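Take a look at the structure set out below.
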Amino acid sequence: MHTTRSWLILSAFCLVATLFAGAQGRKPGLWEMTSTMTWQQSPFPAGMTPPAGSPFAGGPSTRQVCLSQAIIDKYGAPPPQSRAGDCSFADVQKSDHGMTAKMVCSGRMTGNGTVESSWSDAEHASGKVHFTGTVQGRNGTMPVEWSMESTSVFKSTDCGSVQPLPIPADK
């Protein structure tokens, strides 16, 4: 279960990046993202709580993300990131003030999600992700359903030690 939990934590941090949107006039650089995850169907056994400080713990989780101009230009938002590159965007719809997309994941975590993001200016964004699917654990496949909401604030054109999100190959 520890491996599954670790994988889920990594995936959630990576998938939370999908909440972060960009479009014409958006600023590449360092952004601070605060997100809150809500489980509709958790893979954790009854009585087991997610690790403190993880996005699975239910409280707000804050991290810094480096958004490149290439990601803004290609997707309008960072594409889902996962250990094995198992998630991709489909039906990306961009506008001057937002974006929507479908998220499709296969591999250890399989399922579909919806991604929405909006911004009022070049330095503030908010987003939502809703995902339904399954995750492969030690004891077999477990259903999962979760939602995540986030707010993002631009901090600097210099990302410092935060590495830019990679651009995955198109599938």
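The values are calculated or read from the model by the stated rules, or taken from the named source; none is laboratory data. A quick note: this is a predicted structure, and the numbers were derived from the prediction, not measured. Note: ideal-geometry Cβ built from the backbone for every residue, glycine included; neighbour counts use all protein chains shown.
Annotations for the structure displayed:
- The range 45-67, residues that are within 17 Å of Leu30 (Cα to Cα) and either modelled with pLDDT under 80 or crowded, with 18+ Cβ neighbours inside 10 Å (or both): Ser61, Val65, Cys66, Leu67
- A Cβ distance below 7 Å, combined with a sequence gap of six or more or placement on separate chains, defines the contacts here; from the range 37-61, residues that are at negative phi and of a type in the set (Phe, Trp, Tyr) reach residues that are surrounded by 12 or more Cβ atoms within 10 Å (Cβ to Cβ) and modelled with pLDDT of 85 or more in the pairs Trp39/Trp146; Phe56/Met37.
- Residue in the range 76-94 that is modelled with the lowest pLDDT, counting only those that are within 19 Å of Val153 (Cα to Cα) and of a type outside the set (A, V, I, L, M): Pro79
- Filter result (at pLDDT 90 or above, in contact with a strand residue (DSSP E or B) (Cβ under 9 Å, 6 or more places away or on another chain) and not aliphatic (A, V, I, L, M)) within the range 152-163: Phe154, Lys155, Ser156, Thr157, Asp158, Cys159, Gly160, Gln163
- In the range 139-151, the condition of being modelled with pLDDT under 90, surrounded by 20 or more Cβ atoms within 10 Å (Cβ to Cβ) and more than 23 Å from Glu32 (Cα to Cα) is met by no residue.
- The criterion of at least 2 residues that are within 13 Å of the chain's Cα centre (by Cα), more than 23 Å from Ser61 (Cα to Cα) and not small (Gly, Ala, Ser) is met, among strands (runs of 3 or more DSSP E) falling completely within the range 82-171, by 98-105.
- Per this entry, Met99 is not counted among residues that are within 21 Å of Gly137 (Cβ to Cβ), crowded, with 22+ Cβ neighbours inside 10 Å, modelled with pLDDT of 75 or more and touching a strand residue (DSSP E or B) at 6+ places or on another chain (Cβ under 9 Å).
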